[in-house]
Structure formats: structure tokens, C-alpha cells
Amino acid sequence: MAEVKPAARPLSPHLQIYRWSWTMAMSIAHRATGSALYAGTVLIAAWLIAAASGPAAYETAQAIAGSILGRLVLFGYSFVLLHHMVGGLRHFVWDTGRGYDPETRMKLAKYSVFVSGGLTILLWIIVLAAG
């Protein structure tokens, strides 16, 4: 019986072949922030459970959230949330059929980092001024 060899298939290029671009980085960042939002949502659920469990549990949760590490985590969560939202708006623009030319794609990707960073800082300035 003749031996059947599989047909030679082309190999998919690896990341080393591609030249990194803003749109590639923001696509990966959008997926990463979406995944990170799951962890942040668990923290919010834990805070809500502590609030429903009584004053002692709520005070403990507030002490953790008010610590330096807690504030860093909250700052990171707010950046992740806003970055994912801005990335979603970028995708929404693409869903309308606009922004596909290379120059606009790059601008939207670059601006998404700066807009989400600016919104995060603005949010924290407002929060810190109010509290």
C-alpha cells in the first residue's frame, strides 16, 4: 500500500515577522483590558458583598480600598475600564465604515491611549477633590 504524505501547507507568520504598529498594540491592549475587567468586577462584587454584610465588613473593605495598594489597584482598574471603553468607541467608528485608511487608523490607536490616560487622571482629580 502506498504511503500518503500530508500536503505541504503554508505556515502562518509569527509575531517576529510582523512590524509592530499602534493598531496591533491597541488590539492586544483591548483584549487584555477586557480580560482585566473580569478581575476588577470580582473586586467590585466583593466590595458590594462587604457593604451588604454589615458595618464591620464594610469598614474592612474601605480600609483595604483606601490603602496605597488599594488606591493603585483602583487607579489601574479605572484606567483599564476607560481604555477598554475608548477602544470600544474606536471599534464603533469602524463599525460605521469610517476610519479604515492607514493614517486614520494610526491616529485613532494613538489617541485612544492618550484619551483614556487623560480621562483617568481627570477622574481621579475629581474624586480626590471631592473626597
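The values are calculated or read from the model by the stated rules, or taken from the named source; none is laboratory data. Here the structure is a predicted model, which is why all the values come from computation and not from measurement. All Cβ positions, glycine included, derive from the backbone under ideal geometry; neighbour counts span all protein chains shown. Accessible surface areas use protein heavy atoms only, side chains included; no ligands, DNA or RNA. Shrake-Rupley method; radii C 1.70, N 1.55, O 1.52, S 1.80 Å.
Couple of notes before you dig in:
- The W124 and I44 beta-carbon pair, evaluated with R₀ = 22 Å, returns a calculated FRET efficiency of approximately 0.80.
- Net lengthening on full extension, V93/F114 (0.36 nm per residue, minus Cα-Cα): 5.8 nm
- Rounded to the nearest 500, the helix-only mean residue ellipticity at 222 nm of the chain stands at -27500 deg cm²/dmol, with each DSSP H run of n ≥ 4 adding -39,500 (n - 2.57).
- The chain - accessible surface per residue (Å², probe 1.4 Å): 76
- 3J(HN,Hα) along the stretch 117-131, derived from phi through the Karplus expression 6.51 cos²θ - 1.76 cosθ + 1.60 where θ = phi - 60°, amounts to x, x, 5, 5, 5, 4, 4, 6, 5, 5, 5, 5, 6, 7, x Hz, with x in place of Gly and Pro.
- For the chain: rounded, prolate or oblate by the Cα gyration tensor [a/c cutoff 1.5]: oblate
- For F75, solvent-accessible area (1.4 Å; no DNA, RNA or ligand), Å²: 80
- Rounded to the nearest 20, the Cβ-based charge dipole of the stretch 84-131 about its Cα centre (Lys and Arg +1, Asp and Glu -1) stands at 60 debye.
- If you take the alpha carbon atoms of the stretch 17-67 and fit the smallest convex hull around them, that volume is 86 Å³ per residue.
- The chain - charge dipole about Cα centre, Lys and Arg +1 at Cβ, Asp and Glu -1, debye rounded to 20: 400
- Percent accessible area from carbon and sulfur atoms, the chain, protein chains only, probe 1.4 Å: 71
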